[in-house]
Structures are given as structure tokens and as C-alpha cells.
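Student: Let me give you the structure first, and then I'll get to my questions.
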Amino acid sequence: MNIKNIFSKRNEIIDGHFNELRSKLGMADQNEEVIFSLREQICNACPLKNGNNCNAMKWLDPKTLEVIDAPKEGFVRGCGCRLSAKQRSKLSLCPAGFWGGEFDRK
């Protein structure tokens, strides 16, 4: 992983945790909270969800929702992230493409 990717991931993590804290303190932007809530609903329905994490030991076919234990073409690996923070990062994307980019400037 190159240095640019490392800093990008660091920024995603900080953004998610910051927004999670703002939400817990009642200081969240309500428009953002609507999007974060939709992301949470999507993750809750995903077969890769394992507790509060996206299972990095499994691979998912985003079209069929089939889950397997080893890499295979057309399948994406779970990211392993703590979902309650990742869902609140405006910079993050679901590895299966189910959400993300809602905050991109058009």
C-alpha cells in the first residue's frame, strides 16, 4: 500500500469516528444522519455483516449475495471495518458497491 492510500484510509477512519461521536453527543447534521441510517440498513441486510464488523474472512458476489470462504473472480472481500464508524465516514465506500459517494461533489 502506498503512502497516499495509507493517509486516505487514516482520514476515512478519523472522519467516521468523529461523525460517530458527534451523533452520540447529539451534535450530528440531520441530513447526514439520514444517509448514515440508510447505510446502516444496507449493512444490516448484508450477509458479510458479523456483529459490528464487515467480515474480512469472507467474499461476496454483489449480484447474487453468495458468500464464499476464498477469493474468486467477481467476488469482493469484506473490508473488516467496524461498521458503526465506517457507515458514518463521508469518505468511505462499501467494498461491494452497495453505498458510498453520496457526499461527492457533483
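Student: Exactly one of (1) part of a helix (DSSP H, G or I); (2) touching a Phe, Trp or Tyr at 6+ places or on another chain (Cβ under 8 Å) is unmet by N44. Its number?
Tutor: With (1) part of a helix (DSSP H, G or I); (2) touching a Phe, Trp or Tyr at 6+ places or on another chain (Cβ under 8 Å) applied to N44, the lone miss is (2).
Student: Sticking with this one: Give all pairs with beta carbons closer than 7 Å in which a residue from region 60-77 that is in contact (Cβ under 8 Å) with a residue 60 or more places away in the chain meets a residue that is among the hydroxyl-bearing types (S, T, Y) and loosely packed, with under 10 Cβ neighbours inside 10 Å; count only pairs at least 6 apart in sequence or on separate chains.
Tutor: Qualifying pairs under 7 Å: none.
Student: On to the next question. Restricting to region 11-41, count the residues that are loosely packed, with under 15 Cβ neighbours inside 10 Å and of a type in the set (A, V, I, L, M, F, W, C).
Tutor: 7
Student: For region 47-84, which residues satisfy the criterion of being in a loop (DSSP other than H, G, I, E, B), surrounded by 15 or more Cβ atoms within 10 Å (Cβ to Cβ) and in contact with a Phe, Trp or Tyr (Cβ under 8 Å, 6 or more places away or on another chain)?
Tutor: Matches in region 47-84: D61, P62, F75, G78.
Student: Still on this model: What is the number of the single condition among (1) on the phi > 0 side of the Ramachandran plot; (2) under 15 Å from the mean Cα position of the chain (by Cα) that C43 does not meet?
Tutor: (1)
Read-outs: derived from the displayed coordinates by stated rules, not from any lab. Predicted model, so just to flag it, every value in this text is computed and none were measured. As a convention, Cβ positions derive from the backbone with ideal geometry for all residues, glycine included, and neighbour counts pool all protein chains shown.
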